[in-house]
Every structure is written in structure tokens, then in C-alpha cells.
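Here the structure comes first, spelled out in C-alpha cells, and everything after it is commentary.
The values are calculated or read from the model by the stated rules, or taken from the named source; none is laboratory data. Note that the coordinates shown come from a computational prediction; the quantities given were computed from them, not determined experimentally. Note that we place each Cβ from the backbone using ideal geometry, even for glycine, and neighbour counts take in every protein chain shown.
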Amino acid sequence: PHETYPYVIAAMVPLVVLAMVAGFTKGVFVEMITKQLPILDIHVSTTTFWVLVMLTLGIALGGIALAYFKHQKDGSYFSAQMKETFVYKLLANQYYMPLIIEKMILKPYLWISKASWKIDMHVVDEIVDGIARTVYSTGEKSTGAQNANLSKSLLSMAVGLVFFIVLGAIYSFAK
């Protein structure tokens with residue numbers, strides 16, 4: 001069994017379907033693109049390639065070494081002076097994105113959700129309960145027509161006949 005919640009799996013189903021469609025239509029797409037776009041033929045010399053590889057590798061290893069020795073020396077990667085800078089605070093607080101998301105998306109969404117829940121409780125549920133009460137009371141009142149009482153049965157038939165005559169008249173005038 002998978003450890004993910006079922007609603008997460010359900011949310012991923014459209015992605016699965018789109019991936020399958022993309023897989024089946026890949027050949028047609030590639031053929032169309034290769035006819036539309038010019039041939040891309042980028043070549044660099046071997047020397048340029050290796051210079052770029054060594055340069056990026058040197059930068060990466062230099063950063064790792066700098067962080068290692070700085071942490072060994074001070075017990076921290078950043079000095080107290082560095083921790084007071086705007087850039088450090090901006091990066092340490094993840095560009096303040098969690099705070100922005102909470103204030104601008106999550107709190108309004110929570111407010112809308114609570115308001116919708118109250119509307120659902122007071123409007124939608126009352127409508128559904130009213131329909132149920134109407135059906136129940138109609139059933140209670142119509143049991144008399146089913147107990148072999150001829151006068152109540154004839155009254156029910158007459159009410160139904162009048163209803164359908166009125167409905168037919170409305171329909172004929174609506175044309």
C-alpha cells in the first residue's frame with residue numbers, strides 16, 4: 001500500500017493521463033517540430049568544453065571547501081555581522097514567501113471556506129431539509145387516499161386532473 005493520502009493520488013491522476021497522452025503522441029509531435037524548426041547544430045571546440053567543465057567544477061569545489069573551512073573555524077557558516085544584513089535575512093526567511101502565502105492566500109481562503117460552510121449550513125441544508133419535510137408530510141397526508149376510502153381517492157383523482165389541465169393550459173399558452 002502507498003503511504004500517500006488518497007486525495008493526493010486523485011490529484012495526480014490528470015497528470016498521469018496527460019503523460020500517457022504525451023507518450024502516445026510524442027512521435028507526431030517530434031516530427032512536426034523537426035519540420036518547423038531549423039536544425040540546431042551547436043559545436044564547441046574540445047578545449048572550450050574542458051575549460052568550462054574545469055571552471056564550473058572548480059567553482060563548485062571551491063564553494064564546498066570555503067564552507068567547510070569557515071564552519072571548522074567559527075562553528076558557523078555566517079558571522080554575526082553577516083546575519084544582520086538584509087540579504088541574509090531575506091534568504092534565511094525564504095524571501096518571506098511562507099509569510100506572504102499565509103497572509104495573501106491561506107487566510108483569505110480560510111475565511112472564504114468558513115463563510116461557504118456557514119452558507120451551506122444555513123441555506124443549502126435548510127433547502128434540502130425543507131424538501132425532505134415536504135416529501136414526508138405529503139406522504140403522511142396522502143395515506144388517506146390509500147386506505148380504501150372512496151371519497152378521498154376520488155378527491156385525489158380530481159385534484160390530479162385539475163393539476164394536469166392547468167399544466168396543459170399553461171403549456172399551450174406558452175407556445
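Can MET82 be described as of a type outside the set (Ser, Thr, Tyr) and within 39 Å of the chain's Cα centre (by Cα)? Reasoning before the result, please.
On the way: of a type outside the set (Ser, Thr, Tyr): yes; within 39 Å of the chain's Cα centre (by Cα): no.
It is false that MET82 is of a type outside the set (Ser, Thr, Tyr) and within 39 Å of the chain's Cα centre (by Cα).
Could you say whether any residue in region 119-139 is of a type in the set (Ser, Thr, Tyr) and surrounded by 11 or more Cβ atoms within 10 Å (Cβ to Cβ)? Don't jump to the end; show me each part of the working.
Going through region 119-139, the residues of a type in the set (Ser, Thr, Tyr) turn out to be 134, 136-138.
So of that shortlist, the ones also surrounded by 11 or more Cβ atoms within 10 Å (Cβ to Cβ) come out as none.
Scanning region 119-139 turns up no residue that is of a type in the set (Ser, Thr, Tyr) and surrounded by 11 or more Cβ atoms within 10 Å (Cβ to Cβ).
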query = So SER76 clears everything in (1) surrounded by 10 or more Cβ atoms within 10 Å (Cβ to Cβ); (2) part of a helix (DSSP H, G or I); (3) polar (S, T, N, Q) except one condition, right? Which one?
reply = (2)
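Looking at region 138-169, which of its residues are small (Gly, Ala, Ser) and either in contact with a strand residue (DSSP E or B) (Cβ under 6 Å, 6 or more places away or on another chain) or at pLDDT 90 or above (or both)? Before you say what the answer is, go through the steps one by one.
Initial filter on region 138-169 (small (Gly, Ala, Ser)): 139, 142, 144-145, 148, 151, 153, 156, 158, 160, 168-169.
Across region 138-169, the qualifying residues are ALA158, GLY160, GLY168, ALA169.
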query = Of all residues in region 35-72, how many are within 39 Å of the chain's Cα centre (by Cα) and surrounded by 10 or more Cβ atoms within 10 Å (Cβ to Cβ)?
reply = 1
